[in-house]
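First the structure, in the form of structure tokens, and then the observations on it.
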Amino acid sequence: MLGLYPNRHVDEGRRAPKNRGVLARILSTALLGVEAVLVRVEVDVARGLPAFTTVGLPDSAVRESRERVKTSIRNGGYAFPNDRVTVNLAPADLRKEGSAFDLPIALGILTATGIVKARTAPLAVVGELALDGQIQPVRGVLAAALTCRRERVGTLLVPVANRAEAAAVSGLDVLAASTLRQAVALLNGEAASETEKPVEAPIATTDDDADFADVRGQAHAKRALEIAAAGNHNVILLGPPGGGKTMLARRLPGILPPLTTDEAIEISTIWSVAGLLAPRSGLCRTRPFRAPHHTISVPGLIGGGGPPHPGEVTLAHRGVLFLDELPEFAQHVLESLRQPLEDGRVNIARASGLGDFPARFQLVAAANPCRRGCPSLDRCLCTPAERGRYLGRLSRPLLDRIDLHVELPALAHGDLAGDAVPEPSSAVRARVIAAREHQRARARETRARVNAELSPSQLRRICPLLPEAERLLAAAMSRLGLSARGHDRVLRVARTIADLEDEERIAAAHVAEAIQYRGLDRQWRG
């Protein structure tokens, strides 16, 4: 056999420089939870039998990109190399999923073949390719832009439909292209980036016309929701069907303060990663309002999957999560709310990876007094055992994490037929914003944006009680059987009531009003 290749070693040494592959590198991003991490897309084009291999722990969508990349390059008017193409996605131990690697792989191949000029400045690229060379929008572009700014990657090339969300990140040069051919021209300095006016991102919110003035009666419940909005407290509404529970809950976002820029970026990043941010839209400017059905599963509510994806509690971050007919939810689903209600985050461990998602939402729950929907607890036709079985799904640890327990009575005809015009949402919102200003002033010391986020040590430091208020709280712990967590939540609510009244110290009246929102638990069990 050796006789057939007498000069094999000499010939191979002489041909080695010609056969050495051309290597191109370009940056992209991979989604990890609700954040993005940089990925190096390395493309090697070497002589050999035609092949296209992708390595670096790609999922099926990334492996299928070779067919989209080949066809789009040819339909874009370029020649696909008739050689051995190897694509490496580094780091190799990070799983890559989605179609956002189509465009960086195609540009890497065109760079290796000399069609795209090599750049010295760092550049990141995300985008999905259609077969005709059009660049389709992808999810998670805002997270990619934030990562590029943090890692000092000065330029990001995105699809035109994703330009608005990427441009919301300051200090980053955003290029947008609608076709592969235009992307090549941009990188070669032969064309200008496409621009267009962004539109406000439509997300799941309540009706813009929903106003507190629409709600007749229920002054006690309105006051409770005002306190909840001022301190970002969780609240449960207990009342008969048709008493206004859902109507009140859907009007809560209308009295919440407007989003800050940081909050808008947090919300928009989550919605972008989840693929729910509308194309050609900028940052979300309204708070989310999520109302899942009671048949939802634990992964749907908390998050999960493989790899883990955010659930409803994360999609409601910095907004409202409304759970109507709370006892109808499966008990194990309700118990899964304990950690996010306490910590404001969700940690998910799966064989396919770990997930760490923000979940700083405001819970608003609604429930009937019993399964039959009797007018009130006083006029309930159910036996204590029946009512206990129905409301028994709401465990004490879960109720301990809900600050305000509010009972709504059945409305009388006079409440509906009165001529008096209830207070509009704008007036209530003004008081809520004023109370939030007090909390923002204390945030420099506590780092807690709202009273509901105050830690026990911060409560003791910034919530001084007058002697009478201290005695009242001690008596309430004894009579109502409040836990240590319940004690702290009463203090947080009292602090919010004092902020609404522009008081620095917590008086007995503030504590008394906060205590009255903790008395329903014993009635439900009775």
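Output wanted: per-residue J couplings in Hz (rounded whole) for the stretch 236-252, from phi through Karplus 6.51 cos²θ - 1.76 cosθ + 1.60, θ = phi - 60°, x for Gly and Pro.
Calculated HN-Hα couplings, in order: 10, 10, 10, x, x, x, x, x, x, 5, 5, 4, 5, 4, 6, 9, 5 Hz.
When only alpha-carbon atoms are used, what values of Rg and Dmax, in angstrom, describe the stretch 439-526?
According to the Cα coordinates of the stretch 439-526, Rg and Dmax are 13.0, 44 Å.
Of all DSSP beta bridges located in the chain, what percent are antiparallel, nearest 5?
Roughly 50 percent of the beta bridges in the chain run antiparallel, per DSSP.
Report the net charge of residues surrounding LEU237, where surrounding means a beta-carbon distance below 9 angstrom and charges are Lys +1, Arg +1, Asp -1, Glu -1.
Net local charge, LEU237 excluded: 0.
What would the Debye formula give as log10 I(q)/I(0) at q = 0.12, 0.16, 0.20 Å⁻¹ for the alpha-carbon point model of the stretch 21-187, no solvent?
-0.45, -0.83, -1.36
Return one quarter of the surface area of the convex hull spanned by the alpha-carbon atoms of the stretch 286-427, equal to its mean projected area, in nm².
Spelled out: convex hull of the Cα atoms, projected over all directions, averaged, 11.1 nm².
Cα centroids of the stretch 74-130 and the stretch 333-412: how far apart, whole angstrom?
Centre-to-centre distance over Cα atoms comes out at 50 Å.
Enumerate lysine pairs in the chain that are 8 or more residues apart or on different chains, then count those whose Cα atoms are under 25 Å apart.
Within the chain, the lysine pair count is 5.
How far is helix 219-231 tilted, in degrees, relative to the longest principal axis of the Cα atoms in the chain, given as a value from 0 to 90 rounded to the nearest 10?
Long axis of 219-231 versus the principal axis of the chain: about 40 degrees.
Give a residue-ordered list of calculated ³J(HN,Hα) values for the stretch 263-269 (Karplus: 6.51 cos²θ - 1.76 cosθ + 1.60, θ = phi - 60°; whole Hz; x for Gly, Pro).
Rounded to whole hertz, the list is 5, 4, 5, 4, 5, 5, 5.
I need the shape label for the stretch 382-508. Rule: rounded when a/c is under 1.5, else prolate if a/b > b/c, else oblate, with a, b, c from the alpha carbon gyration tensor.
Here the stretch 382-508 falls in the oblate category.
Rounded to whole Å and sorted largest first, list the principal axis extents of the Cα atoms in the chain.
Computed over the Cα atoms, the extents are 102, 48, 45 Å.
Quick note: the coordinates plus some simple rules give every number you see, no bench work behind them. Source: prediction; values computed, not measured. Note that we place each Cβ from the backbone using ideal geometry, even for glycine, and neighbour counts take in every protein chain shown.
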